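To start, the structure under review is shown below, and the notes come after it.
The values are calculated or read from the model by the stated rules, or taken from the named source; none is laboratory data. A quick note: this is a predicted structure, and the numbers were derived from the prediction, not measured. Cβ placement follows ideal geometry from the backbone for every residue including glycine, while neighbour counts extend to all protein chains displayed. Heavy atoms of the whole protein, side chains included, go into the accessibility calculation; ligands, DNA and RNA do not. Shrake-Rupley method; radii C 1.70, N 1.55, O 1.52, S 1.80 Å.
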Amino acid sequence: MKPYRSFNDFSMETFGRKVVKYSLDGNFSCPNRDGTLASGGCIFCGSAGAGEFTSKGDLKAQIAFQKELLANKWKDNLWIAYFQNFTNTYASVEILKERFEPLLCEESCVGLAIATRGDCLSEEVLDYLAELSQRTFFWIELGLQSIHEKSIEFLRRGYSHQRFEESVAELKKRKIRTLVHVIFGVPTENEEEMLRTVQYVSDVNFWGIKIHNLYIQRDTKLYKLYEKNPFPLLEQEEYVDLVVKALEILPSGTVIHRLTGDPPRRLLIAPKWSTDKLNTLYQIEKNLKERNSRQGKKWKGEER
Ligand code: SF4
């Protein structure tokens, strides 16, 4: 057993079988890239819109590609359609239905996950997502990154933490499973500030979390900034220590979907250790065991 509640453990408990995520590109755009809010996107967002691991073609072709890609690794698995690139609620409900609904009838597909922004959730969209949650295993992913306005501005997320919280309240009201992304190592923050973001995640008791370190990817605005004015990036040891502290303050029921970044090797500038996912995960587990600790050790609230 891992000292934290991984998505794999969660899916074995829930479905009794391995569940994999098929990363799909639903051909959506993003208001932070198309000129509605801004044209450059979040500072760390690459040309694929934070979804580097999808393939080209229509959704049928993408599913076939993912099946083949994972065929040697997993047999007899169930899968979840994961709309990863760009903002997957940035369209009318009619278009969302056109793209999402056919997938629910695909063989072995047990659910749907969509990544989006907290400022792209209209009342109509929220109601549709609530309805989807009744019909399939559904969750939504929001890029929180940080609760601190100075960091949100540095990252050019394009909307405030207050707006984020308003959307979270609407999602909670509709009982929609919500997962948040958090970034450690934003140069505007110290350790205490990073952990305050995790404390917020803990207090809200989100269903899931993804954490990764800030890394420099070639096709981003962050790279241009870093090239001109390099700033310190987290060392692997510092990052591992932060993740361990974060896991301790998260509720033991929060599902941990990711604890490392996943930069494409060909685009990664720094830090180089970011591609060594297995070693980072190994160090996190080792560190927790050495401290005789685990996820939730310092959590004081009530489980969901
Ligand atoms: S919201 Fe997502 S897709 Fe849009 S710019 Fe930011 S990271 Fe990229």
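Of all residues in segment 136-150, those satisfying the criterion of being farther than 14 Å from LEU126 by Cα, away from the ligand (no atom under 12 Å from the Cβ) and in contact (Cβ under 8 Å) with a residue 40 or more places away in the chain are PHE137, SER146, ILE147, HIS148. Any idea which of SER160, SER133, SER108, SER151 is open to solvent by less than 10 Å² (accessible area, probe 1.4 Å) and polar (S, T, N, Q)? Unique residue meeting the criteria: SER151. Of all the criteria given as (1) modelled with pLDDT under 95; (2) more than 23 Å from ASN77 (Cα to Cα), the one not satisfied by LEU96 is (1). Check whether at least one residue in segment 56-67 is within 16 Å of the ligand (Cβ to nearest atom), over 16 Å from the mean Cα position of the chain (by Cα), within 27 Å of TYR223 (Cα to Cα) and open to solvent by 40 Å² or more (accessible area, probe 1.4 Å), and report yes or no. Scanning segment 56-67 turns up no residue that is within 16 Å of the ligand (Cβ to nearest atom), over 16 Å from the mean Cα position of the chain (by Cα), within 27 Å of TYR223 (Cα to Cα) and open to solvent by 40 Å² or more (accessible area, probe 1.4 Å). When GLY208, GLY158 are screened for being touching a Pro at 6+ places or on another chain (Cβ under 8 Å) and within 30 Å of GLU123 (Cβ to Cβ), only GLY158 passes.
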